[in-house]
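S.K.: Sending over a structure as C-alpha cells; questions will come in a sec.
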Amino acid sequence: MLRRVAVLFAALAGVALAPVAVAGASPADADVACDTNWGTGDRDLWGGAAEGALTGVQAGRHECFDRLVLDLGAADAAGFHVGYRDELGHIAKDQVLPLRGDGTLVVLVDVPGQGYQPVNPVEVVDVTGYRTFQQVRWAGSFEGQVKLGIGTPTELPFRVTSGDGKLVVDVAHS
C-alpha cells in the first residue's frame, strides 16, 4: 500500500520513476534508445571482380531495425549499390515490379546469382509481422549482378555493412 502511495505521489509531483515492466507488453512497446541516424542517401562500394556467389537471403528483426542478410558464399561482394528509388525495375528486362510500401529500397550486388533461385521471387523471405520490411522481392540476376527490392512504409534510415561473405542491410524502424 505504501508503494502505491509513493508511486501516485511521484506521478502527481512530476517525478520520473524507473521503467517498470508491464505484463503482456511487447518489446516494441518499450521505450528503447536507438542510434539509427544513418540517413537515407545512397550507399555504394565498387571494387574488383566478384569471387563468390549469392547462396541465400535471410531477414531478421531487431529492437531498432529490420535486417536483410545476403549470403555471398566464401567471398565478399566486389561491390554494391543500395538506395531508395521511385520504383523497382527488373535487372535485365524493361519491366517495373510492384513492391508493397511507399519506400522502395533497391539492393544491387556485384556477385553472380546464377546458382540462387528464390522459391518465391515475389516474397524472397517471409517478413510477415516485421515492423519496417513490408516485402523483399527478387528483381533478377544478370551479368554477374543480383538485384532485390525491399518495400518499406516510407524512406527510412538505413545502413549497409559487408564482410565475412555477407552483405547486410539494416533499415531503421523510424
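FYI, it's all coordinate maths here, none of it is from the lab. Note that the structure is predicted; figures quoted are calculated from it, not measured.
S.K.: Based on alpha-carbon positions alone, could you give the equivalent ellipsoid semi-axes of the range 56-144 from the gyration tensor, as √(5λ), descending, whole Å?
M.R.: 20, 17, 13
S.K.: Subtract the Cα-Cα distance of Trp46 and Gln58 from 0.36 nm times their separation in residues, and report this length gain in nm to one decimal.
M.R.: On the way: separation 12, 0.36 × 12 = 4.32 nm, distance 2.31 nm.
Fully extending the segment from Trp46 to Gln58 adds 2.0 nm.
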